[in-house]
Amino acid sequence: MSLDDLLLEDSASVVKKNDEQISLEDLMKINLHHQKAGLLLMSGLLFMMISILNFPYVTALKSAAISIQYMLYRYMVVGEYANAPVDYTELMIPSILAGAVGLALFLCYIVKTRKRGG
């Protein structure tokens, strides 16, 4: 192996090392991307948590409204022995919407992190 080959090989590796260095601007872009991805993930999880917590609340509300005490109170006041005139599926709509928004945000996070390479 000649001396020229050794010198050229070393200079080529130095050039490769210089190309691999990351500038401060690149680090700031990477940091901003990670902040946005983290915000996307946290907001998606927050919306999904709100959705999940709303289901037991509406179920408890329905249970309380259908309870015997409420029916007896309604019978004494109005004279009807019936359940509360509330459509509980309408109360679930905000929960379903919050869950859908959370799921969409979470899927956006997954797509962005896979597209970016982690």
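Quick notes on this one:
- Counting only protein chain heavy atoms and rolling a 1.4 Å probe, the accessible areas of Met42, Met76, Met48 rank, largest first, as Met76, Met42, Met48.
- Label positions at Ile50 and Leu72, each projected 7 Å from the Cα along the C-beta direction, are separated by 3.9 nm.
- Burial ranking of peptide ranges 35-41, 103-109 (average Cβ count within 10 Å, highest at the top): 103-109, 35-41
The values are calculated or read from the model by the stated rules, or taken from the named source; none is laboratory data. Fair warning: this is a prediction, and the values are worked out from it, not measured in the lab. Neighbour counts are summed over all protein chains in view; Cβ atoms, including those assigned to glycine, are modelled from backbone coordinates with ideal geometry. For accessibility, only protein heavy atoms count, side chains too; no ligands or nucleic acids. Shrake-Rupley method; radii C 1.70, N 1.55, O 1.52, S 1.80 Å.
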